[in-house]
Amino acid sequence: MEFNLNYFSITLLLKTFFSPWRRYSWSYGKGFDLGKFFETFFSNLISRILGALMRLFLIIFGIIAEIFIFVIGIIVIFGWIILPFLVIGGFILGVKLCLT
């Protein structure tokens, strides 16, 4: 279970949820130009929204994978416990079928 959490790095994705995607961010530059300011502001805003959406998708996918691994693990453990009884029962049934 811990491998999957580290593989998808869910805790890191939660810590950096609103960080820009792939650290794409634009500088405001020197001086003040209203058009350049809004262009840079909205570019950075879109980069942060894109980062949040991608991280949300990865977090959801990681949690679904974690649930899937947990369910498969429970099935394997249950099968491992039941397997000796199935082998013994199959042997007994085979002997009964050969004797009749």
Item checked: In order through the range 44-53: 3J(HN,Hα) via Karplus (6.51 cos²θ - 1.76 cosθ + 1.60), integer Hz, x for Gly, Pro -> 5, 5, 5, 5, 5, 5, 4, x, 5, 5
Notebook entry, point to check: With every protein chain in place, what's the accessible area of F3 (1.4 Å probe, Å², nearest 10)?
Noted result: 150
Checklist line | Burial order of peptide ranges 72-85, 43-56, 5-18 (average beta-carbon count within 10 Å, highest first) | finding: 43-56, 5-18, 72-85
Next item on the list: As a check on your grasp of the helix formula, calculate [θ] at 222 nm for the chain: sum -39500 (n - 2.57) over DSSP H runs of n ≥ 4, divide by the residue count, round to the nearest 500.
Entry: -28000 deg cm²/dmol
Next item on the list: Please work out the ratio of the alpha-carbon Rg of the chain to 2.2 N^0.38 Å and round it to two decimals.
Entry: 2.17
Check: How large is ³J(HN,Hα), in whole Hz, for each residue of the range 91-100 in order, when computed from phi with the Karplus curve 6.51 cos²θ - 1.76 cosθ + 1.60 and θ = phi - 60°, using x for Gly and Pro?
Finding: 5, 5, 5, x, 5, 5, 5, 6, 7, 9
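The values are calculated or read from the model by the stated rules, or taken from the named source; none is laboratory data. All values reported here derive from a predicted model rather than from experimental measurement. Backbone-built Cβ (ideal geometry, glycine too); neighbour counts: all protein chains shown. Protein only, heavy atoms only, side chains kept; ligands, DNA and RNA dropped before computing areas. Shrake-Rupley method; radii C 1.70, N 1.55, O 1.52, S 1.80 Å.
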